Amino acid sequence: MTTATTTAGTIMRQHLIDPEICIRCNTCEESCPVGAISHDSRNYVVDAAKCKFCHNCISPCPTGAIDNWRHVRAEAPYPLAEQLLWDTLPEQVAVEESQPTGADSPATTLPDDVERIAAAATSGQGGVAPPPWSAAHPYVNLYSIQNPAVATVSGNFRLTAEEASSDIRHIVLDFGNASFPVLEGQTIGILAPGLDASGRSHHVRLYSVASPRDGERPKYNNLSLTVKRVTEDHGGKEAQGVASNFLCDLKKGDKVNVVGPYGTSFLMPNHPGSNLLMICTGTGSAPMRAMTERRRRKSVPNEDGKLMLFFGARSAAELPYFGPLTRLPKEFIDIHLAFSRVPRQPRQYVQDLIRARAADVAALLRDENTYLYLCGLKGMEKALTKPSVRSAAAMAWTGRRSMPSCCGRDVITWKPIDHSVWCERDVRR
Amino acid sequence: MSIDYSQKIPNNVGLAENRTLQRALEHWQPEFIDWWKDMGPDDSQNFDVYLRTAVSVDSAGWAHFDYVKMPEYRWGIFLNPAEAGRKVNFGEHKGEAAWQEVPGEYRSNLRRLIVTQGDTEPASVEQQRHLGLTCPSLYDMRNLFQVNVEEGRHLWAMVYLLHAYFGRDGREEAEALLERRSGDADNPRILGAFNERTPDWLSFFMFTYFTDRDGKYQLCSLAESGFDPLARTCKFMLTEEAHHMFVGESGVGRVIQRTCEVMNQLTTDDVAKIRAAGVIDLPTIQRYLNFHFSVTMDLFGADVSSNAATFYNTGLKGRYEETKQDDDHLLNNASYPVLEVVNGEVVTAQAPYLNALNERLRDDYVRDAVAGIERWNKIIQKQGIPFVLRAPHKAFNRKIGPLSSSKISPTGKVLSEAEWTHHHLEWLPSIEDRAFVSSLMGRVAEPGKFANWIAPPARGINNQPVDFEYVRFN
């Protein structure tokens, strides 16, 4: 890690339009609610002083020209007059990075990939939700792409049964003497080695931490990840996931470049009496495991609060952490496992179980000390929008909202339209 | 046939509660689907296409991407959100509250405007229906289909207005929109340019750049209408229209890019050598540009037009960016320059502004179109090739209005018939040009592969990679 430097100003991400790709259709200017976008006869430009990063202009842009960002010093963004003269976007120039010196001075700029994923994951609900009031203060962005931490693999275990169709792994990374503090619900970025087809470094891939803050093994400087080997794309076509295959193939002693940590929102409450309602599928269980484990390791595990988990997978053989989960005491956590592909049994999904337990779910949600966490596969979202699920639960899902971290293949977020509609964004675009 | 309105026809016009509208659509929707199957993209009904569907008008809902079979595309009905207290902003009714119902005295003019606009939408789908068979890539095929389904949605938008506000006449007009056919000798589409063929992809890109841009300007002026439902409908259509401009601008730009690359590889500007290398020479691109530009000029109508004056005066159709114009928005005593041929020269004459509104819109359009041509020139410049594309004179090759009786060169020189006969093939694509361009058209349908005559795009659709499988054949 380089020596911490404190710059006079902070570094900001400036929103810019690529004049080479833009067709001057005016759609962005029309869709901007704060009048940050304007044009002359030559270019369309964004006023850094007005842009609120609401992203309303991003999806209507037919060309993608709108989706450009540069890190600049906050006191010296590209002025409008200069943007109006551009024929091409300037390259990203090196901006002196301000390294955090502690939790109170985190770096203000995240890698583009992380920003993009975070924006996509939170756009459905109009931005990042605040963390629970009693959440611990997270460290973020301690390690940048230029300056990653190097972790050593200290374990790589298959979680799913040998006959299961998916290969899900529990990977333990040890940070040695490097400082890499994480909280439950935060994510870390993995830099897979090598270059992509166009000769560039691979994108950062984010994974939720599956272990609690004091490490996979308490008092060790390590953490764990739950990684599914990606062997097909969303459409079911064969596609080897770059980072997941890299991780799943790691052997004990191998080195991994890690960036982050990230996430300031999907954090667990720490006050006694707080309840966690967790809904997940597949590897979406990683942050849920971390939070559950955090509670379990406390001397008074429940702290007068409740834990309720709805967890879906194809079958028990494909459910990560199935064994340890089933051994947790009922009074500690109320677990509902839904299996959608058990031979000779009807398909069961998390929403079916929520519907069956609607009264308890509703009661829990009415308690203002309940925090809702949702992480998993895309199919879950559509199911959760079903009116029968919403009315069965008969509740406002809003209130104590918290955001899922943005990791893995799919992330579901939810947004409080009419206090009852769920919404998702697939972040792996 | 019963329709689940909220699912099948996404809308923000309260369709589920409007029995009259439902009944009209129950009749029309199956006919539309039949028309789509007959006249929509050829041999492609079963493809899964990565399409954008509007499911609501807010920024989160209007661009929803997924694989869809085109006949199952959810053509929706959307109006931009109402603007509280909106007024009629021009003409003799200026200052009155915008109309939520059709004013009786303007009923037929309004219907005519809507039908004329509506007729262009299915027409272009018909014109483009064979292009999928010769697409230069899956990416382009997907873009073609996106344009097609959105033209379909624009037809829906106009049909909604006809059904919701024009009673029986409206229903009959809506049916007639499905009965006319582009290029049909007996029952053609209303406007000339929409009866021309779109035989190859260069034509398609030129069409989406030039002719769809006319659509943009017509929609912009209708979006100023005092008839509020029309204004709001057109406003939303403009968001989609931008994609069509994009397909045209980037399509032609990529053709130019590829040609320049090959010219530099071969270090030649010899047309024969460039053609032999399987790319489209820049002079041919210029001739296509001249053709599409001039055909589109005619779409704006006669230079001096009493209809245009009436539409404006009665508050039905405004100017481009009407509310941003710094004048009285009545234009009774103002004048506007129009072109005339006097003594063998094209000269500027002043016409009453109200009568010259077609010309005004044409000028707004030309400014926009020329700016894009300049962006194409930047591609050529960047490759270091000394060639400049130019928009022809507004009066070139006109078939409508007083200028149509003269022969005028791309630089605005009035020619004799003989001069025109000798030179017009320097300016407009010849049969040989078209045959050459057609000879390059062959289907490339492997993800990430592009025909030799066109460069790949700078980026994919919806942040997908360029080699994404934008269309899946089943």
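Points to keep in mind about this one:
- Candidate set: the stretch B:24-61, residues that are within 28 Å of A:T27 (Cα to Cα) and more than 14 Å from every other protein chain (Cβ to nearest Cβ); chosen: the one surrounded by the fewest Cβ atoms within 10 Å (Cβ to Cβ): B:P41
- As a summary of the residue check, A:D113 satisfies the conditions (1) within 22 Å of the chain's Cα centre (by Cα); (2) at pLDDT 85 or above except for the one numbered (2).
- When B:L230, B:L202 are checked against the criterion of being in a helix (DSSP H, G or I) and more than 30 Å from B:Q100 (Cβ to Cβ), B:L202 stands alone in meeting it.
- Filter result for the condition that a residue is surrounded by fewer than 19 Cβ atoms within 10 Å (Cβ to Cβ) and either at pLDDT below 95 or in contact with a Phe, Trp or Tyr (Cβ under 8 Å, 6 or more places away or on another chain) (or both), over A:L85, A:L16: A:L85
- In the stretch A:23-54, residue surrounded by the fewest Cβ atoms within 10 Å (Cβ to Cβ) [restricted to those that are at the interface with chain B (Cβ under 7 Å from one of its Cβ atoms) and closer than 16 Å to B:G372 by Cβ]: A:S41
- Neighbours by Cβ (under 9 Å, 6+ apart or cross-chain): first from the stretch B:366-387, at the interface with another protein chain (Cβ under 8 Å from one of its Cβ atoms) and more than 24 Å from B:Q265 (Cα to Cα); second in a helix (DSSP H, G or I) and not aliphatic (A, V, I, L, M): B:D368/B:R213; B:D368/B:K216; B:D368/B:Y217; B:G372/B:Y209; B:G372/B:R213; B:G372/B:G248; B:G372/B:E249; B:G372/B:G253
- Residues that are over 14 Å from B:V255 (Cβ atoms), assigned to a helix (DSSP H, G or I), more than 10 Å from chain A (Cβ to nearest Cβ) and not basic (K, R), drawn from the stretch B:434-471: B:A435, B:S438, B:S439
- Subset of the stretch B:161-198 (residues that are out of contact with any Leu (no Cβ under 9 Å at 6 or more places or on another chain) and over 27 Å from B:A231 (Cβ atoms)): B:E179, B:R181, B:S182, B:G183, B:D184, B:A185, B:D186, B:N187, B:P188, B:N195, B:E196, B:R197
- Matching entry among B:T211, B:T239 (being among the polar types (S, T, N, Q) and away from every other protein chain (no Cβ under 14 Å)): B:T211
- Restricting B:N46, B:N89 to residues that are touching a strand residue (DSSP E or B) at 6+ places or on another chain (Cβ under 9 Å), in contact (Cβ under 8 Å) with a residue 24 or more places away in the chain and either of a type outside the set (D, E, K, R) or closer than 30 Å to B:H130 by Cα (or both) narrows the list to B:N46.
- Looking at A:K237, A:K228, just one residue is basic (K, R) and touching a Gly at 6+ places or on another chain (Cβ under 8 Å), and that residue is A:K228.
- Residues that are among the polar types (S, T, N, Q) number at least 2 in the following helices (runs of 4 or more DSSP H) confined to the stretch B:244-332: B:282-299, B:306-313.
- Counting residues in the stretch B:108-130 that are outside any loop (DSSP other than H, G, I, E, B), surrounded by fewer than 20 Cβ atoms within 10 Å (Cβ to Cβ), free of Cβ contacts under 8 Å to residues at least 12 places away in the same chain and not charged (D, E, K, R) gives one or more.
- Number of residues in the stretch B:62-106 that are within 30 Å of B:E469 (Cβ to Cβ), surrounded by fewer than 18 Cβ atoms within 10 Å (Cβ to Cβ) and within 14 Å of another protein chain (Cβ to nearest Cβ) equals 4.
- Selection count where residues are part of a loop (DSSP other than H, G, I, E, B) and without any contact (Cβ under 8 Å) to a residue 24 or more places away in the chain, scope the stretch A:158-175: 1
- Exactly one residue among A:E303, A:E293 is within 19 Å of A:S208 (Cα to Cα) and not hydroxyl-bearing (S, T, Y), and that residue is A:E293.
- Within the stretch A:55-72, the residues that satisfy the criterion of being more than 19 Å from B:A54 (Cα to Cα) and either outside any loop (DSSP other than H, G, I, E, B) or within 8 Å of chain B (Cβ to nearest Cβ) (or both) are A:D67, A:N68, A:W69, A:R70, A:H71, A:V72.
- Scanning the stretch B:13-23 for residues being surrounded by 18 or more Cβ atoms within 10 Å (Cβ to Cβ) and not in a helix (DSSP H, G or I) gives a total of 1.
- Matching option when the condition is crowded, with 23+ Cβ neighbours inside 10 Å, assigned to a loop (DSSP other than H, G, I, E, B) and away from every other protein chain (no Cβ under 14 Å), among B:S221, B:S225: B:S225
- Listing of helices (runs of 4 or more DSSP H) fully contained in the stretch A:321-375 that carry 2 or more residues being in contact (Cβ under 8 Å) with a residue 40 or more places away in the chain and out of contact with any helix residue (DSSP H, G or I) (no Cβ under 8 Å at 6 or more places or on another chain): A:358-366
- Count - residues of the stretch B:402-419 that are in a loop (DSSP other than H, G, I, E, B) and within 15 Å of B:V342 (Cα to Cα): 4
- Number of the condition not met by B:R275 [criteria: (1) touching a residue at least 60 places away in the same chain (Cβ under 8 Å); (2) within 14 Å of chain A (Cβ to nearest Cβ)]: (2)
- Filter pass, B:G192 being away from chain A (no Cβ under 14 Å), touching a strand residue (DSSP E or B) at 6+ places or on another chain (Cβ under 6 Å) and either at negative phi or surrounded by fewer than 20 Cβ atoms within 10 Å (Cβ to Cβ) (or both): no
- Matching strands (runs of 3 or more DSSP E) fully within the stretch A:176-286 where at least 2 residues are surrounded by fewer than 19 Cβ atoms within 10 Å (Cβ to Cβ): A:255-262
- Candidates B:T323, B:T268 - the one that is surrounded by fewer than 18 Cβ atoms within 10 Å (Cβ to Cβ) and within 14 Å of another protein chain (Cβ to nearest Cβ): B:T323
- Residue satisfying condition, being within 14 Å of chain A (Cβ to nearest Cβ) and on the phi < 0 side of the Ramachandran plot, within set B:D363, B:D328, B:D303, B:D298: B:D363
The values are calculated or read from the model by the stated rules, or taken from the named source; none is laboratory data. These numbers come from a predicted model, not from an experiment. Note that each Cβ is placed from the backbone with ideal geometry, even for glycine, and that neighbours are counted across all protein chains shown.
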